[in-house]
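Contents: one structure, followed by commentary.
The values are calculated or read from the model by the stated rules, or taken from the named source; none is laboratory data. Small disclaimer: the values here were computed from a predicted structure and weren't measured. Here Cβ is always computed from backbone atoms with ideal geometry, including for glycine, and neighbour counts include all displayed protein chains.
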C-alpha cells in the first residue's frame, strides 16, 4: 500500500490537500480532495465509478465548501473518488475498507465521508468500521446508528436510506421557489437523475404539491403534461 500526500493551493480557498492512495494488491486506486476546512472538517461523499477523475473530485470538493457554508453547518468542503471497475460485494467491501484505512490520518479531524454515486449506507458502514471510528462518515444504516446511540437515536438525523439527500434537494427547491414568488402547490418540476437522490426528491416535491412532468436518468427521459402519479413511478 502507498499513500502520497500533496498540499496544494489553487486559490485562497483551496484545495488544502489532495491525497492520492493506491493498494496495488487489490488494484484499488483513489483520491481525496479536501478543499477548505475553515468552518470545520471537510464533508463530502465517496464517488465510486470506473472513470472518476481527480479533476472531477476537485471540482465537487469546491462545490461542497460553498454548499455547506451557505447551509450554515459546521463543515468545510471535500470529496473523494475511488476507481471502481465493478465486481462482487466482497471485492467492493475490500476496496472500501482499504480506502478507509489509507485515509485514516485525515478522518474526522480533516474529512468526513458520505454516500455518493455507487456508495450508500452499506458502504458507509464498511468505511467507518475499517476506520475504527463511527464518526468517519455520515449516511450509515439506520440500524447501525441506532445501535451506537441506543435510546438517543434521534441524534442519527434522517437515515440515508430514508431519503435524506432527496429531502434536502426538495427543500432547497421549495426555498428557491419562494424567493421567486412561486408556490409549490401546482408548480411543475422536472427531475434529472432518478437514482437514490432523484427518486426521493420526486417523492418529497410531490408531497409539497408540485407536479412532476418530466423524469430522466442515464437511459433516457419521459414527459407527461399532466404529471406522473406516484403509483406509476418506481
Checked 18, 57 against criteria (over 22 Å from residue 128 (Cβ atoms) and surrounded by 15 or more Cβ atoms within 10 Å (Cβ to Cβ)); the one match is 18
Restricted to region 195-232 and to residues being part of a strand (DSSP E or B) and under 20 Å from the mean Cα position of the chain (by Cα), the residue modelled with the highest pLDDT is 216
When you scan region 58-81, do you find a residue that is assigned to a loop (DSSP other than H, G, I, E, B) and under 13 Å from residue 30 (Cβ atoms), even just one? no
The correct count of residues that are out of contact with any strand residue (DSSP E or B) (no Cβ under 7 Å at 6 or more places or on another chain) and assigned to a strand (DSSP E or B) in region 32-57 is 1
Reported set for region 63-104 where residues are within 22 Å of residue 14 (Cβ to Cβ) and touching a residue at least 60 places away in the same chain (Cβ under 8 Å) is 77, 99, 102, 103
Could we say that residue 136 is over 16 Å from residue 47 (Cβ atoms), touching a strand residue (DSSP E or B) at 6+ places or on another chain (Cβ under 8 Å) and surrounded by 15 or more Cβ atoms within 10 Å (Cβ to Cβ) here?
yes
Only unsatisfied item for residue 150, checking (1) surrounded by 16 or more Cβ atoms within 10 Å (Cβ to Cβ); (2) in a helix (DSSP H, G or I); (3) modelled with pLDDT under 95, is (1)
Of the residues in region 63-84, those that are surrounded by 12 or more Cβ atoms within 10 Å (Cβ to Cβ) and more than 17 Å from the chain's Cα centre (by Cα) number 0
When region 85-98 is checked residue by residue, the ones that are at negative phi and more than 16 Å from the chain's Cα centre (by Cα) are 85, 88, 89, 90, 91, 92, 93, 94, 95, 97, 98
In this structure, is residue 101 surrounded by fewer than 19 Cβ atoms within 10 Å (Cβ to Cβ), under 15 Å from residue 21 (Cβ atoms), modelled with pLDDT of 95 or more and in contact with a strand residue (DSSP E or B) (Cβ under 6 Å, 6 or more places away or on another chain)?
-> no
